[in-house]
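Enquirer: To start, I am sharing the structure in question, which I have written as structure tokens.
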Amino acid sequence: MAIMGDSRAYPLFRSASAADTLTLARRLCSLMEKRDSVVELTAELQTAEDVWRMVGVLPKAVYNAQGVPFDSYEWTHEYRADTLPRDSYGLVTLLPFRVDAEATVGDELEDLFVQALGRGPASIYWDGSWPDVPELDLEAYAKYEAVQVVFNSLDIDGEPPADEHTVFVHLSKFGDLPRAEWLARQVGAEVLGESVPGR
């Protein structure tokens, strides 16, 4: 799930509770001046049970089998829910699966997505823009700004695995520690480390 690009991301919160992590991320989203109408959902599904739980939440998504080589002629690594092998053995031979989907912000699909997660790395990403903060001379940058939750990892790219979940705020490619600290204060959190490459 490696992510590289033009933002810098600061970790602001970690918890063993996926629900608490999601709640804090939503509080950060509420601070955005503007927010995209869609949210990005990504997960690695490591067991057959993980796959079937997620199919119940994202029945129209494409499921990419990571356990087989890509075949550009057959496209055999991509499955819709209705084309996945129905027997456990057939499904297990294709594991792990990766699913990437978009959902409309506000339809609460994020909660169902989190409930369906297994132990694999996963992410929810809300794109938007942070407001001006005149008292700190912070002007809106409005590019590469976002909130991201990474589940089952302390790292933005989902490696290595962990028993905790992490909330990151994405800022401009120049970083912006004062803004990260301001955002953390608004939700009763703190900056937990150096910025890392975002997306």
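The values are calculated or read from the model by the stated rules, or taken from the named source; none is laboratory data. What you see is a predicted model; the values in this text were computed from it and never measured. Don't worry about glycine lacking a Cβ; one is built from the backbone with ideal geometry, like all the others, and counts go over all protein chains shown. Each accessible area value is taken on the protein alone, full model and side chains, heavy atoms only, with ligands, DNA and RNA left out. Shrake-Rupley method; radii C 1.70, N 1.55, O 1.52, S 1.80 Å.
Enquirer: Near the amide H of Arg8, under 5 Å away, which other amide H atoms are found, from residues 5 or more places off or on another chain, if H is placed in the peptide plane?
Expert: Here the answer is Leu171, Ser172, Lys173, Gly175, Gly198, since their amide H atoms fall under 5 Å of that of Arg8.
Enquirer: Still on this model: Taking θ = phi - 60°, what integer Hz values does the Karplus form 6.51 cos²θ - 1.76 cosθ + 1.60 yield along the range 158-173, in sequence order, with x for Gly and Pro?
Expert: Computed from phi, the couplings for the range 158-173 are x, 10, x, x, 8, 8, 10, 10, 10, 9, 10, 10, 9, 10, 4, 5 Hz.
Enquirer: Determine the relative contact order of the chain: mean sequence separation of Cα pairs under 8 Å and six or more apart, normalised by residue count, in whole percent.
Expert: Relative CO of the chain lands at 37 percent.
Enquirer: Grab the Cα-Cα distance for Glu181 and Glu194, subtract it from 0.36 nm times how many residues apart they are, and report the gain in nm with one decimal.
Expert: The Glu181-Glu194 span can extend by a further 3.5 nm.
Enquirer: Angle between the Cα long axis of helix 177-186 and the longest principal axis of the chain, 0 to 90 degrees, nearest 10?
Expert: On a 0 to 90 degree scale, this one is about 80.
Enquirer: Follow-up question, since we're still on this one. So for each of 146-156, 160-170 I average, over its residues, the number of other beta carbons within 10 Å; can you give me the resulting order with the highest mean first?
Expert: Numbers: 146-156: 23.4, 160-170: 21.1.
Packing proxy ranking, top to bottom: 146-156, 160-170.
Enquirer: Keeping the other protein chains in place, figure out the carbon and sulfur percent of the accessible area of the range 1-146, with a 1.4 Å probe.
Expert: 50 percent
Enquirer: Something else: Roughly how many Å is it from the Cα centre of the range 73-129 to that of the range 6-27, as a whole number?
Expert: A separation of 21 Å, based on Cα centres.
Enquirer: Please give the helix 18-29 orientation as an angle from the longest Cα principal axis of the chain, in degrees from 0 to 90, rounded to the nearest 10.
Expert: 50 degrees
Enquirer: Shifting gears a bit: Quick check: residue separation of Glu139 and Phe174 times 0.36 nm, minus the Cα distance between them. What number comes out in nm?
Expert: Here the answer is 11.3 nm.
Enquirer: Here are labelled values, (1) 1, 8, 16, 19, 18, 14, 10, 7, 4, 2, 1, 0, 0; (2) 1, 6, 9, 11, 12, 11, 9, 8, 6, 6, 6, 5, 4, 3, 2, 1, 1, 0, 0; (3) 1, 7, 16, 20, 23, 18, 10, 4, 0, and one is the computed P(r) over Cα pairs in 5 Å bins from 0, in percent for what I pasted. Which one?
Expert: Entry (1).
Enquirer: Here's a follow-up. For the chain, what is the accessible area per residue in Å², given a 1.4 Å probe and the full set of protein chains?
Expert: 50 Å²
Enquirer: Once phi is turned into ³J(HN,Hα) by the Karplus curve 6.51 cos²θ - 1.76 cosθ + 1.60 with θ = phi - 60°, what whole-Hz value does each residue of the range 51-65 show in order, with x for glycine and proline?
Expert: 4, 5, 4, 6, 4, x, 8, 10, x, 9, 6, 9, 10, 9, 6
Enquirer: Going by amide H atoms built from the backbone, whose H comes under 5 Å of the H on Val105, apart from near neighbours?
Expert: Hits under the 5 Å cutoff: Val38, Val39.
Enquirer: Under the classification rounded if a/c is under 1.5, otherwise prolate if a/b is larger than b/c and oblate if not, where does the range 107-199 fall, given a ≥ b ≥ c as square roots of the Cα gyration tensor eigenvalues?
Expert: Note, shape of the range 107-199 comes out prolate.
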